[in-house]
1. Return the only residue of 126, 143 being of a type in the set (Phe, Trp, Tyr), over 21 Å from residue 102 (Cα atoms) and at pLDDT 95 or above.
2. State which residue is surrounded by the most Cβ atoms within 10 Å (Cβ to Cβ) when the search covers only the range 95-118 and only residues that are assigned to a helix (DSSP H, G or I), over 16 Å from the mean Cα position of the chain (by Cα) and not charged (D, E, K, R).
3. Looking at the range 119-158, which of its residues are at negative phi and assigned to a helix (DSSP H, G or I)?
4. Take the range 46-89 and flag every residue that is in contact with a helix residue (DSSP H, G or I) (Cβ under 9 Å, 6 or more places away or on another chain), closer than 24 Å to residue 109 by Cα and of a type in the set (Val, Ile, Thr).
5. Return the residues of the range 67-86 that are of a type in the set (D, E, K, R) and under 24 Å from residue 144 (Cβ atoms); say none if nothing qualifies.
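The values are calculated or read from the model by the stated rules, or taken from the named source; none is laboratory data. Predicted, not measured: the structure shown is a model, and the values here were computed from it. Ideal geometry is used to build each Cβ from the backbone, glycine not excepted, and the neighbour counts take in all protein chains shown.
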Amino acid sequence: MTIRSCRLLTLAALMAAGCASSGDVVELTPKGPSAEDLYLSRSYAINGRAPTFAEKRFWEAEVEERVYAYLKQHPELEQTSRYSDFRIWWKVTAGSTPREVLVLLEEPAEQTIDTARMAVLAEGQWSELQAKAREAWVYPPEWILYFDDTSVVAVVHRVSNGAPRH
């Protein structure tokens with residue numbers, strides 16, 4: 001390899017590293033996290049590893065029980081477009097009520113009604129959200145759910161610059 005080739009290769013590597021470290025992107029998404037997404041994130045954060053097969057089966061049984069109990073109390077959900085996301089995919093979507101979010105994702109790491117804090121969390125998306133958002137729930141490492149008075153009105157996802165986007 002020639003000196004010129006080495007320099008070009010080094011320059012390309014430095015440019016790639018610079019692009020990869022330029023920060024996160026905050027974007028609005030049509031659907032929020034699934035219960036499984038957050039369970040896996042929590043497992044890595046707490047244990048530094050994925051859950052074992054037994055741990056995951058135990059967790060799945062708990063979520064399934066909460067979902068079925070909620071559906072038994074709220075059969076009207078079956079008539080909505082959110083039903084399959086809630087029942088089958090365990091995923092939060094626009095229109096999900098706070099109770100539905102808690103059934104799927106459990107308690108958030110942070111809840112806020114402070115508009116300044118919500119604006120910081122939403123970054124460039126805030127101009128679109130500020131008229132309708134009354135509260136934000138944060139689910140680390142990357143999800144923020146915005147609520148009006150009754151349901152989720154927007155989902156913001158923080159995506160690492162190198163990660164695939166929704």
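1. Details: 143 fails: over 21 Å from residue 102 (Cα atoms).
It is 126.
2. Kept after step one, since they are assigned to a helix (DSSP H, G or I), are these residues of the range 95-118: 98-105, 115-118.
Now restrict to residues that are over 16 Å from the mean Cα position of the chain (by Cα): 99, 115-117.
Narrowing further to those that are not charged (D, E, K, R): 115-116.
Numbers: 115: 13, 116: 8.
Taking the candidates together, the pick is 115.
3. Let us first name the residues in the range 119-158 that are at negative phi, namely 119-122, 124-158.
Listed by number, the residues that qualify are 119, 120, 121, 122, 124, 125, 126, 127, 128, 129.
4. Answer for the range 46-89, where residues must be in contact with a helix residue (DSSP H, G or I) (Cβ under 9 Å, 6 or more places away or on another chain), closer than 24 Å to residue 109 by Cα and of a type in the set (Val, Ile, Thr): 63, 67.
5. Taking the range 67-86 as the starting set, the residues that turn out to be of a type in the set (D, E, K, R) are 72, 76, 78, 82, 85.
82, 85, listed by residue number.
Each row is one residue, and each column tells you yes or no for (1) under 16 Å from residue 32 (Cβ atoms); (2) surrounded by 15 or more Cβ atoms within 10 Å (Cβ to Cβ); (3) of a type in the set (Gly, Ala, Ser).
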| site | (1), (2), (3) |
| --- | --- |
| 61 | no, no, yes |
| 65 | no, no, no |
| 73 | no, no, no |
| 93 | yes, yes, no |
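Here's the yes/no breakdown for (1) over 20 Å from the mean Cα position of the chain (by Cα); (2) exposed (fewer than 12 other Cβ atoms within 10 Å of the Cβ); (3) at pLDDT 90 or above; (4) of a type outside the set (A, V, I, L, M, F, W, C):
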| site | (1), (2), (3), (4) |
| --- | --- |
| 5 | yes, yes, no, yes |
| 34 | no, no, yes, yes |
| 44 | no, no, yes, yes |
| 57 | yes, yes, yes, yes |
